[in-house]
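The values are calculated or read from the model by the stated rules, or taken from the named source; none is laboratory data. Here the structure is a predicted model, which means the values were calculated and not measured. Counting neighbours? That spans all protein chains shown, and the Cβs are built from the backbone with ideal geometry, glycine included.
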Amino acid sequence: MWILEKFVINGGKRLCGSVRISGAKNAAVAILPAILLTNEPCTIENLPEISDVTTIIRTLSILGAEVKVINKSTVRIDPRNVRSYTVSKEMAECMRASSYFLGALLGRMNNASVAPPGGCDFGVRPIDQHIKGFEALGAKVTIENGMVEARAERLSGSSIYLDVVSVGATINIMLAATRARGLTVIENAAREPHIVDLANFLNSMGANIMGAGTSIIKIRGVENLHGTTYSIIPDQIEAGTYMLAAAATMGDVTIENVTPKHLESIIAKLNEVGAKIEEFDEAVRVSMNTRPKRCNVKTMPHPGFPTDMQPQMATLLAIADGTSIITEGVWDSRFRYVDQLTLMGAQIKVDGKMAVITGVANLRPAPVKAVDLRAGAAMIIAGLMAEGTTEVTDILHIDRGYENIAEKLASLGADIKRAPIISDEVVLKEA
Ligand code: EPZ
């Protein structure tokens, strides 16, 4: 049975203590479909317990893979009986990463039929660069009856220059090229940590991928891949979210199980607003004891400041001393959450891809919505900052990407609870 839920937050408490970061969502949702490139079982460790991972695993199971849950963060997936190459609208529309089944199925059986991906609404989210890559490898791509159909006799390596730095296109082309004949070169590739993690995973299965983490990735196709056991990297964005929550509540939090190198741009901005940061081998400690200073932020592909941290940063800057400007450099429209934040007293004016934030002394509690995943995390941070009771609804967006967020925050001293929404207007999705 599905019941709609909300978070109820009694804000105004400092976050203190330590919190452990889970495996990276955006690595997990690429690595799980990549298992389709072998016929041998793979064991994946450090998977985050989030609904996007559940959706991908369910899709693999529908395609014919055998799934064995070893423990809450480890699964063993045996894809040898996968014969289907179709991912239905029902599965694909839950998330953006469903598009990775195009590259993975094309790589496995030269055939893929996948409904267009869903995911967070940031304006137009085209997949033209993915399609350009598949076509360069020799696939014919059409849209028929609302499905993206990709077919090839046999994929052959090619040189592909991406017109925009796209995480999804880079991953999809890597998936399709891993078993293609010959050499594929992706130029202007995305450099995010999850791209490196996918390359490491594929290489641990016998692939030959070089240059991941730089803007030129070379993939020499191999005939077959074998099974492997692989542990997913820590989630850069989950870590960044707790770092900003610590600063926003004038707290003192050690964020454990992180790769500090992946957090450099976030650390730089936290330093700029006056937070104190200590870096350890696999942890960072963030403390703050003054009102944040103003600063400007521009989101960019990695290693720039991540767009997936933009709403959380805007929330911190909402109480900064002075006026800050955030420029969104990746998505057309990623300020839909601003209306919610203004309900809590933030003073933010949006003009196209720019938000001008005039810092106020405090936010005040209000009922707000999680309009998408990271916007939802931002609403939680706002609720933690505002003294009084804030309710955040539409939290299924948050559950897509944050493992046990209420429990983790509560362990740091936050007063946050998950509660059912009881209302005549609630429509249960499934009874
Ligand atoms: C990934 O989305 C992430 N999702 C997003 O994280 C993240 O915001 C984004 O990368 C940017 O870092 C996953 O990894 C599952 P893109 P993706 O292709 O791959 C344009 C989160 O909160 N573009 O790098 O869909 C596009 O419109 C999520 O965890 C084209 O023009 O993003 C955008 O402006 C939300 N044509 C830019 O490139 C294409 O074919 C970057 O998009 C593809 C993209």
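Remarks
- Strands (runs of 3 or more DSSP E) (entirely within the stretch 266-351) containing at least 1 residues that are surrounded by fewer than 16 Cβ atoms within 10 Å (Cβ to Cβ) and modelled with pLDDT of 95 or more: 276-279, 323-327, 347-351
- Single residue of Glu90, Glu144, Glu135 found to be at pLDDT 95 or above, over 27 Å from Gly329 (Cα atoms) and not polar (S, T, N, Q): Glu135
- Complete set of residues in the stretch 315-371 that are over 25 Å from Asn289 (Cβ atoms), within 16 Å of the ligand (Cβ to nearest atom) and hydrophobic (A, V, I, L, M, F, W, C): Val330, Trp331, Phe335, Met354, Ala370, Val371
- Residues of the stretch 107-157 classified as among the hydrophobic types (A, V, I, L, M, F, W, C) and outside any loop (DSSP other than H, G, I, E, B), total: 11
- Criterion: closer than 23 Å to Ala180 by Cα, over 23 Å from the mean Cα position of the chain (by Cα) and among the aliphatic types (A, V, I, L, M) - qualifying residue of Val82, Val87, Val29: Val82
- Residue count for the stretch 91-141, restricted to those that are in contact (Cβ under 8 Å) with a residue 40 or more places away in the chain and among the β-branched types (Val, Ile, Thr): 2.
- Residues that are touching a strand residue (DSSP E or B) at 6+ places or on another chain (Cβ under 7 Å) and either buried (at least 19 other Cβ atoms within 10 Å of the Cβ) or among the hydrophobic types (A, V, I, L, M, F, W, C) (or both), drawn from the stretch 102-120: Leu102, Leu105, Leu106, Asn110, Ala112, Ser113, Val114, Ala115
- Residue match in the stretch 56-65 (condition: in contact with a strand residue (DSSP E or B) (Cβ under 9 Å, 6 or more places away or on another chain), closer than 18 Å to Glu192 by Cβ and within 16 Å of the ligand (Cβ to nearest atom)): no
- Note on the stretch 301-314: among residues that are free of Cβ contacts under 8 Å to residues at least 60 places away in the same chain and more than 9 Å from the ligand (Cβ to nearest atom), the one that is farthest from Val273 (Cα to Cα) is Gly304.
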